[in-house]
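Here is the structure we will look at.
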Amino acid sequence: MRIRALRDSLEGTELDGYLVAREVDILYITGFRGGRYLLIPVDGECTLYVYGVDYEAAKSALGEVNVKLLKYEEDPHKTLSRDIRELGCRRVGFDSMSVRDYLQLQDALGDIELKEASEIVWSLRKIKDKDEIRLMKKAAEITVAGLKAAVDALNPGVREYEVAAEAEYAMRRAGAEGPAFETLVSSGPRAAYPHGWTTDRTIRDGELVIIDLGAKYRGYCSDLTRTVVVGKPSQKQKRLYEAVLEAQRKAVEVLREGVDAKMVDAEAREALGKQGYSKYFVHGLGHGVGLEIHEPPKINPGSKEKLEAGNVVTVEPGVYIPGYGGIRIEDTVHVTRSGVEKLTEASYELEIG
């Protein structure tokens, strides 16, 4: 459990309690999936609030936390506010909740202040420990198996959703809980859409095909994109591909602890600019990955963050030409003091078949 780490993070904040409302944050802190709220006072016993469907599982899994049953016919915010008052809390932080839940809980709390403080959880979640890296390596390994299955399925006449189905089946067979996000297979002119999704379009010989996929393993995600051509690539396709691959190489070379995230993004844009393609790079270079597929830190031109050892991020430059197609090359990497450790080890070959 990471309750001690979160309590330590409350020092100097003037908060005397913290309420975890997001299920994924509860999972991160306790290792249990299914809680409604987790109340962590600076001093005193922590309480996980659960409904009946998760009550017995929570009691079995969590020996260090008081598990309280919530009844569907009762307002959980009244129960919470009563417990917060009994603990003597006057200012309680929280990670994130809906406007409706916030208003109901603040109304029940009365003069006790409820303060948004999501940075407390994110300051912990951004830095992955050895166990998290181990799980993310496994997720990456499974993702690579899915990519191989997708590439093997690519032939003229096959539909995009058939390729995605083979990838997801292979990831499940390799041990994935499921996909970390909806598998994306976009071909031909549709490859010009960075989020082109997967359709029933028939893939044709000589077309660019973007395959963007990720597996989830024990809660942790991976993210990988490769672009391939079914058949013989044209000279233009080769030039575009080499430009994107070089942009990724340049970004990875400067990626390390202490570097400004926006500087890494700028490195990739400069490399594409030298080839005349920077205007076709229409999204940020990358994002954090962990229990969620999109987490801090962000690597884009507007980022104000410095990268830290323990961050796990994507590096995914792309070029998207409307009416023609697109290319994206993405890897998930672990930031270290001296550089990066690549988690997604997959082929960079453009041509298949």
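Structure above, values below:
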| quantity | calculated |
| --- | --- |
| Whichever residue in region 149-180 is in a helix (DSSP H, G or I) and surrounded by fewer than 17 Cβ atoms within 10 Å (Cβ to Cβ) and, among such residues, is farthest from the chain's Cα centre (by Cα) | Asp152 |
| Any hit, region 222-235, residues being surrounded by fewer than 19 Cβ atoms within 10 Å (Cβ to Cβ), among the hydrophobic types (A, V, I, L, M, F, W, C) and touching a residue at least 12 places away in the same chain (Cβ under 8 Å) | no |
| Residue under evaluation Ala176, criteria (1) touching a residue at least 60 places away in the same chain (Cβ under 8 Å); (2) in contact with a helix residue (DSSP H, G or I) (Cβ under 6 Å, 6 or more places away or on another chain), criterion not met | (1) |
| Count - residues of region 210-251 that are of a type outside the set (D, E, K, R), part of a helix (DSSP H, G or I) and within 21 Å of Pro194 (Cα to Cα) | 9 |
| Criterion violated by Tyr72 - all others in (1) buried (at least 18 other Cβ atoms within 10 Å of the Cβ); (2) aromatic (Phe, Trp, Tyr); (3) out of contact with any Pro (no Cβ under 8 Å at 6 or more places or on another chain) satisfied | (1) |
| Where Ala58 falls short, out of the listed (1) under 15 Å from Lys115 (Cα atoms); (2) in a helix (DSSP H, G or I) | (1) |
| Residue match in region 10-17 (condition: under 29 Å from the mean Cα position of the chain (by Cα), under 19 Å from Ser123 (Cβ atoms), of a type in the set (Ser, Thr, Tyr) and surrounded by fewer than 16 Cβ atoms within 10 Å (Cβ to Cβ)) | yes |
| Single unsatisfied condition, Thr183 versus (1) crowded, with 22+ Cβ neighbours inside 10 Å; (2) touching a residue at least 40 places away in the same chain (Cβ under 8 Å); (3) among the polar types (S, T, N, Q) | (2) |
| Region 298-330, residues that are touching a helix residue (DSSP H, G or I) at 6+ places or on another chain (Cβ under 8 Å), of a type in the set (A, V, I, L, M) and part of a strand (DSSP E or B) | Ile299, Val312, Val315, Val319, Ile321, Ile327 |
| Residue list for region 181-209, restricted to those being in a strand (DSSP E or B) and either acidic (Asp, Glu) or touching a Phe, Trp or Tyr at 6+ places or on another chain (Cβ under 8 Å) (or both) | Leu184, Val185, Ser186 |
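Read-outs throughout are calculated quantities, based only on the coordinates presented, and are distinct from any laboratory measurement. No experiment lies behind these values; they were computed from the predicted model shown. Using ideal geometry, Cβ is built from the backbone for each residue, glycine included, and neighbour counts are taken over all protein chains shown.
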